[in-house]
Protein chains: 2
Amino acid sequence: MSSPSQFPTHYGYASASDVNWSRSEKAVARKAFDAALRRELQEVMRKAKQMASQIKQPGDLGDLEQYLTQRRKEIDRKYDYRYSHLTLILGKLLHEGWLGEEELRGLREEKLKSIRSTAEFLAKEWT
Amino acid sequence: MSSPSQFPTHYGYASASDVNWSRSEKAVARKAFDAALRRELQEVMRKAKQMASQIKQPGDLGDLEQYLTQRRKEIDRKYDYRYSHLTLILGKLLHEGWLGEEELRGLREEKLKSIRSTAEFLAKEWT
């Protein structure tokens, strides 16, 4: 587990629920997952720098602190690497644009379907 | 009271314990107190900008978040404007350099003594 105020760089490990993932699928999923996390963290870094550079009054410090806390908690909740719900996570990352579908090449069709279906569901949710 | 993640710009109001402060002393104290708070917040803003500009990896985000949270809490605790312990606060601000002694001109000698004595006590504490 990460400690408070710690932006982690990767998460979690395999458990009993990973029986349906072949070794090569696990490698594809892990790589895609890590790449998405890296991109999202890059975006938080970019935005934090931008917010800080625009600080003009004390209230802006609170805004920056809140942004950092909120993003850390969101990322911490979202990037929970467990095979039991990995298709849901990858679907969400696909929907949010942190992941491209080409990065999922190598997963079996049933998983791709499930991932796409999650992404489509979320896209409908927010339109 | 300030809400979480809110860096406040001034604090508190008079109560029954302000009987020993004349109107002109109150004006001097308030001005000095507000100036010290303003300077300390300026320093937090400067430091936050500097830390953000040097962010290179996700761990640096956690450091910045922690710095902001810690400084907000410290400032929130310290700048508690109550006449009952205002000489202690002013002494602490004097010791920390957020306040110059010339800014206290206009306070009665007994108060200046008490403020200086607090500053000297703190100086000894940390040497």
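The values are calculated or read from the model by the stated rules, or taken from the named source; none is laboratory data. Here the structure is a predicted model, which means the values were calculated and not measured. Because the Cβ atoms are built from the backbone with ideal geometry, glycine has one as well, and the counts that use them run over all protein chains shown. All accessible areas refer to the heavy atoms of the entire protein, side chains included, with ligands and DNA or RNA removed. Shrake-Rupley method; radii C 1.70, N 1.55, O 1.52, S 1.80 Å.
Quick notes
- Accessible area of B:Asp63 in the full protein assembly, 1.4 Å probe (Å², nearest 10): 80 Å²
- Extents of region A:67-124, largest first, come to 37, 25, 18 Å (Cα atoms, principal axes, whole angstrom).
- Top of A:Gln57, A:Gln70, A:Gln42 by mean-square fluctuation, Gaussian network on chain A, Cα under 10 Å: A:Gln57
- The peptide list A:88-101, B:86-99, put in order of mean Cβ contacts within 10 Å with the highest first, becomes B:86-99, A:88-101.
- Global form of region B:42-94, assessed from the alpha-carbon gyration tensor, a/c cut-off 1.5: prolate
- Near B:Phe7, the amide H atoms lying under 5 Å from its own belong to A:Gly62; only residues 5 or more places off or on other chains count, and H is placed 1.01 Å from N.
- Region B:17-73: projected area of the alpha-carbon convex hull, averaged over directions, in nm²: 4.7 nm²
- In order along region A:47-52, the phi-based Karplus estimate (6.51 cos²θ - 1.76 cosθ + 1.60, θ = phi - 60°) of 3J(HN,Hα) comes to 5, 4, 4, 5, 4, 5 Hz; Gly and Pro are listed as x.
- Of the cross-linked pairs B:Lys31/B:Lys92; B:Lys47/B:Lys113; A:Lys73/B:Lys49; B:Lys78/B:Lys124; A:Lys26/A:Lys92; B:Lys92/B:Lys113, those separated by over 24 Å at the C-alpha level are B:Lys47/B:Lys113.
- Shape summary: the protein assembly as shown maps onto an equivalent ellipsoid whose semi-axes, from the alpha-carbon gyration tensor, are 54, 16, 15 Å in decreasing order.
- Dimensionless Rg ratio for chain B, taking C-alpha atoms and the 2.2 N^0.38 Å reference: 1.20
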